[in-house]
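None of the figures in this text is laboratory data; all of them are computed from the coordinates on show. Being a predicted model, the structure only gives us computed values, none of them experimental. Glycine gets a Cβ as well: all are built from the backbone with ideal geometry, and neighbour counts include every protein chain shown.
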């Protein structure tokens with residue numbers, strides 16, 4: 001029986017949510033960090049959206065946030081010209097890395113030893129977290145503010161997207177450009193999927209998929225409205241996107257068919273990401289909220305509980321061999 | 001008309017009184033074994049932890065012994081706002097939040113019994 005999607009709203013932020021990231025799956029579940037213009041990034045339990053803590057310290061809007069795989073460290077990029085590294089268990093600030101302009105993007109290597117930063121000073125920087133006083137390695141070339149910088153190809157290469165309408169692939173050791181993509185307009189978001197080496201790029205109303213190693217185009221899909229962010233499901237069967245019209249769109253990756261669209265946010269959707277297990281996706285909006293959406297609506301997961309109307313539940317319980325329980329259908 | 005998916009409860013929001021990161025959560029207890037170091041090591045070196053624990057126990061024991069040694073003695077308390085007061089130390093509460101003192105000498109007179117708020121004390125000294 002088809003169920004209607006009930007998004008879970010995570011409140012707490014007082015300004016637009018501009019970035020969000022999931023950790024990997026840890027023995028304590030997985031986690032979600034949200035970057036907000038109120039300067040107070042928050043850590044949440046990934047499958048329920050329950051607030052765990054707020055990282056206090058930034059003096060300006062936080063534009064980017066990330067967690068390492070184990071969710072033991074967090075990093076944030078802010079308008080106060082700093083990137084900060086945090087202990088994601090205690091919430092304590094561990095490092096402040098001063099920059100010369102607004103920092104927009106932060107990304108850890110797989111072993112959490114290095115942090116990649118990018119921002120309005122058009123320079124990509126690589127910091128050794130164990131030697132923070134050492135000068136970071138710098139990679140220059142972009143002619144406009146960098147929106148996103150990500151490690152790829154086993155942390156040997158770097159992908160960056162900037163307002164100069166290019167996406168560039170850099171070699172970490174030589175700091176030279178390996179390949180470059182040029183667009184007619186600024187890229188609004190970028191997601192890198194290591195498993196399968198897929199790069200998801202959004203610009204205008206388009207969601208584009210590239211091979212992350214060769215930067216060869218795989219396919220493009222056009223949405224009904226301007227898209228700010230998109231995310232590909234770990235199994236690569238769906239992708240979701242959100243943007244200017246406040247809606248979340250779900251597409252079939254193979255057929256490019258639009259499967260569903262969901263209303264819920266009261267403002268443009270700035271970021272959307274699938275959870276590491278693919279069971280849900282989170283969206284952040286101009287309305288200051290994060291919303292969690294089920295990938296498979298009707299499945300019992302996290303805070304969502306499948307409650308069947310009386311007859312069907314008794315039937316399913318009998319078939320499963322357990323005593324029937326009275327359920328109340330909400331409709 | 002599709003039935004909306006039901007939900008057990010809403011996600012818990014932030015606590016207005018704290019920044020969170022509950023020290024009693026299983027994750028915190030398991031992963032935050034050392035609270036002093038801002039070490040970036042995600043691996044725990046059991047030898048280092050052992051040494052740190054020894055040092056901590058030693059310091060804690062010394063501190064508790066000073067409290068015992070101070071009992072019924074004249075102690076000078078140096079506090080914020082350039083406050084220096086003398087008093088006879090009685091006892092401390094379990095969390096070292098307050099000191100119970102007698103004959104507290106203040107600029108406006110002697111207070112027979114008083115509680116000093118520990119967070120206001122910068123240092124205190126007494127003769128053994």
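Details
- From the Kirkwood radius over Cα pairs of the protein assembly as shown, Stokes-Einstein at 10 °C and 1.306 mPa s returns a whole-number translational diffusion coefficient of 63 µm²/s.
- Note on B:73, A:40: ascending count of other Cβ atoms within 10 Å places them as B:73, A:40, the fewest first.
- Inverse mean reciprocal Cα-Cα distance (Kirkwood Rh) of segment A:1-89, Å: 13.3
- Efficiency of FRET between residue A:222 and residue B:106 - r from beta-carbon atoms, R0 56 angstrom, step 0.05: 0.10
- Estimated purely from DSSP H runs of n ≥ 4, each contributing -39500 (n - 2.57), the mean residue ellipticity at 222 nm for chain B is -8000 deg cm²/dmol once divided by its residues.
- Footprinting exposure proxy ranking of A:42, B:1, A:185, fewest other C-beta atoms within 10 angstrom first, gives B:1, A:185, A:42.
- Average Cα contact separation per residue, chain A, under 8 Å, 6 or more apart, as relative contact order %: 13
- Shielding by partners - mean other protein chain Cβ count within 10 Å, residues of B:20-32: 5
- Mean-square fluctuations from a GNM of chain A, with a 10 angstrom spring cutoff on Cα atoms, peak among A:209, A:266, A:239 at A:266.
- Peptide A:11-21 has a mean shielding of 1, counted as Cβ atoms of other protein chains within 10 Å of each residue's Cβ.
- Remark: mean inter-chain Cβ contacts per residue of A:52-61 equal 3, using a 10 Å Cβ-Cβ cutoff to other protein chain atoms.
- Choice from B:59, B:31, B:104 showing the highest fluctuation, given a GNM over chain B with Cα pairs closer than 10 Å: B:31
- Among A:149, A:208, A:65, the largest mean-square fluctuation in a Gaussian network model of chain A, built with springs joining Cα atoms closer than 10 Å, belongs to A:208.
- Footprinting exposure proxy for A:249, A:262 (fewest neighbouring C-beta atoms within 10 Å first): A:262, A:249
- Pair-distance distribution of segment A:73-158: all C-alpha pairs, bin width 5 Å, starting at 0; shares per bin in whole percent are 3, 16, 28, 27, 18, 7, 1, 0.
- FRET efficiency for residue A:300 and residue B:55, using Cβ-Cβ distance with R0 set to 60 Å, rounded to 0.05: 0.75
- Shape of chain B, Cα gyration tensor, a/c cut at 1.5: oblate
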